[in-house]
Amino acid sequence: MFETLSGKLQAVFKEFSRRGKLSDADVDTGLREIRLALLEADVHFSVVKSLLDRVRARAVGSEVAQALNPGQQVIKIVHAELLATLGTPERLNLQGPAPRSILLVGLQGAGKTTLAGKLARWLRADGQRPLLVAADPYRPAAVEQLRTIGRQLDIPVFTGTQAPPQLCAAAQREAAATGCTVVIMDTAGRLQIDADMMAEVTAIKALTQPGEVLLVADAMLGQAAVRIAEGFHAALGLTGLVLTKMDGDARGGAAISIRSVAAVPIKFLGVSEKMDGLEVFDPARLAGRILGMGDIIGLIEKAEASFDVAQAQQMQQKLLKSELDLSDFLDQLRQMRKLGSMGQLMEMLPGLGRAAAAMDPAQMDKQLTRSEAIVCSMTLAERRDPRVMNSSRKRRVAAGSGTQVQDVNQLLKQFRQMQDMMKQFGKNKRGMLGLLRQLGG
């Protein structure tokens, strides 16, 4: 979601880096461009002013004047001050006797019910035993939606006909009786903040005494999300915030503004509609993505969560012995798809943010789907030994996968190139470092 902002900031930093020495006028010109980029990204004007005032105070001092590379020093300062603006990371408060309670609040359409499932899945992976509570009797099918999520994740869902405050209190008693350690209460929302909604969630909070009151806000709302956070915080005393739809085309201003303006820490980011699309908020990683520095730690975490260790070790042995076949290639394609879209992955790699912006993620994902379909249309014998692929076999595979013969030829060519590279890797005594040097890496 930060593609436009990241591209504009990188253009400013590139101009800084071209200069061997920065004058005060150079700094002011660059900061003016950064100011416009941040405002266009819907960052709150007071946050922009405070951030750039701090950057300028450091950028025109000896810290930059005496640096070997003034341009890079300015980038370092902007990164540090952006980190200060985003605040320090804060984790969920799960202290105290079980069951602990988490109250989810927010407007209708922000994604509270989906977030409840994501959070339950995340907590279970952390060793907790969550219980979901369907405390929204007003939205059609809200209860059934949560039940469906519960069945999908194999997590219990508590429902009932009581009023939401009494239902949540009953859920806490049920959790204590059944050994659940965390109760996640999915409450009703409205199209806008109103007295009835606030009265209900205030009653729920008073009756259940949750350790966490999390506002679920749609990042697509921009500065409106900041105002919503201020309204809920004044009424409920929020302990944290979850920004959803961070994978959309929003400009990203809410993520930068909300900590400073609403004084509410961001605890999670919703990065997709899938149940695993939840990230713990990390200011350093978010700042890196905003400034085009990537998020390699996030990419590693995605890989660790998605890849099967035993399968990876088996694949490593095949690579070393140059025994990789198209079935293994198919497995790797499917593993890669588990990590997310190619556009998202490229944004997380350092130095590729602008390259990712220049490419069509949908086209890249379409190519992966096409490759998977081609391999799936082959027989096991053809996958083990692609050399048997003659013209008639290629036509059959193309027809079966809904592609053209040239698409099949292209895939086979790419696979042969990968096999050749792996053979070099297996023969090279110095391993990957030697291979990278051979490839000019």
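Data overview
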| item | result |
| --- | --- |
| Those residues of segment 226-243 whose amide nitrogen sits under 20 Å from the label point placed on Ala263, 7 Å along Cα→Cβ | 226-242 |
| Gained length - Gln209 relative to Cys376, 0.36 nm times residue gap less alpha-carbon distance | 54.8 nm |
| Calculated FRET efficiency for the pair Tyr138/Ala284, C-beta based, R₀ 35 Å, to 0.05 | 0.30 |
| Computed E for Arg91/Arg35 - FRET, C-beta separation, R0 35 angstrom, nearest 0.05 | 0.60 |
| Set of segment 378-407 residues, backbone N closer than 20 Å to the point 7 Å along the Cα-Cβ line of Asp420 | 385-390, 406-407 |
| Pairs from Lys112/Lys274; Lys112/Lys366; Lys8/Lys112; Lys14/Lys245; Lys14/Lys267; Lys274/Lys413 whose Cα-Cα separation, in the structure shown, is over 25 Å | Lys112/Lys366; Lys8/Lys112; Lys14/Lys245; Lys14/Lys267; Lys274/Lys413 |
| Average Cα contact separation per residue, segment 21-172, under 8 Å, 6 or more apart, as relative contact order % | 15 |
| Full-extension gain in nm, Met275 to Asp24, via 0.36 nm per residue minus C-alpha separation | 85.4 nm |
| Where N is the number of residues in segment 100-293, Cα Rg divided by 2.2 N^0.38 Å | 0.97 |
| Virtual spin-label span in nm between Asp331 and Ala80, 7 Å along Cα→Cβ | 4.8 |
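We did not get these values from a lab; they are worked out from the coordinates using the rules stated. These numbers come from a predicted model, not from an experiment. Glycine gets a Cβ as well: all are built from the backbone with ideal geometry, and neighbour counts include every protein chain shown.
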